[in-house]
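See structure below.
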Amino acid sequence: MRLAIVAATGGIGRHLLQQAIEAGHDVTALVRSPEKITDPVRTVGADLAHPDVPALAEAIKGADAILSALGARTKAESGVAWRGTAALVEAAWETRTRRLIVVSAAPMGTFASPGRPHPPRHDPGDGFFMRHLGAPFAKTMFRTHYEDLARMEDVVRDSGLDWTVSRPPKLTDGPLTRRYRTAIDRNVRGGFSVSRADVADQMLACVTRAETIGHTVGIAQ
């Protein structure tokens, strides 16, 4: 399968790249700094903070799916997720690339955005702790980052593509276990963390899982 992996040197992106190569996929890596890629794959320089849609379209041409691990690493990068994803969607339409899988965050189900100004008060998968302590704390601590992700999800939902949004809770640098749990359109009950490697595994699995199209997928260990 031909895959375009966006932000392939980031925390989740590097696992996506490694796992996709090991699985035998034909990979194009879209990264800000191509020199950081040492794997034998096609590498394209792409600064998604200042996206060039024609260049993105050329980079993803022929791909069966786009997997994006795009997200701001600092407050200064806020906005890169939604702006970069908007450019990817435009490029996808130009190249008729239908499948789009992106990573977001567990609290997004209850986080307001321009497209969802009145979200549910609680995620149906959250237990007492997450509803009353965990989620409110995370929203306060990472508000700028979450505002970016919420707008990104607006872009994805309105894209008209065959999309899936992965929503992990706290990310760790633990190993690939494949012993994680998932839930469609809700968070995983009692799920407080998951490794970046397992999130990458779940995103790759979603490429061929039609039941995830048009849905968010909660993931946790």
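Some observations on this one:
- Residue that is surrounded by the most Cβ atoms within 10 Å (Cβ to Cβ) [pool: residues in the range 165-221 that are of a type in the set (V, I, T) and in a helix (DSSP H, G or I)]: V199
- Residue in the range 192-203 that is without any contact (Cβ under 8 Å) to a residue 12 or more places away in the chain and closer than 23 Å to E77 by Cα present: no
- Among the conditions (1) in contact with a Ser or Thr (Cβ under 7 Å, 6 or more places away or on another chain); (2) assigned to a helix (DSSP H, G or I), E147 misses just one, which is (1).
- Top-ranked residue of the range 1-54 - restricted to ones that are small (G, A, S) and more than 22 Å from R83 (Cβ to Cβ), ranked as surrounded by the fewest Cβ atoms within 10 Å (Cβ to Cβ): G24
- Against the test of being within 12 Å of L48 (Cβ to Cβ), modelled with pLDDT of 85 or more and either touching a strand residue (DSSP E or B) at 6+ places or on another chain (Cβ under 7 Å) or part of a loop (DSSP other than H, G, I, E, B) (or both), the options G71, G115, G125 yield a single qualifying residue, G71.
The values are calculated or read from the model by the stated rules, or taken from the named source; none is laboratory data. This one's a predicted model, so the numbers in the text were calculated from it and none came from an experiment. With ideal geometry, Cβ positions are generated from the backbone for all residues, glycine too; neighbour counts draw on all protein chains shown.
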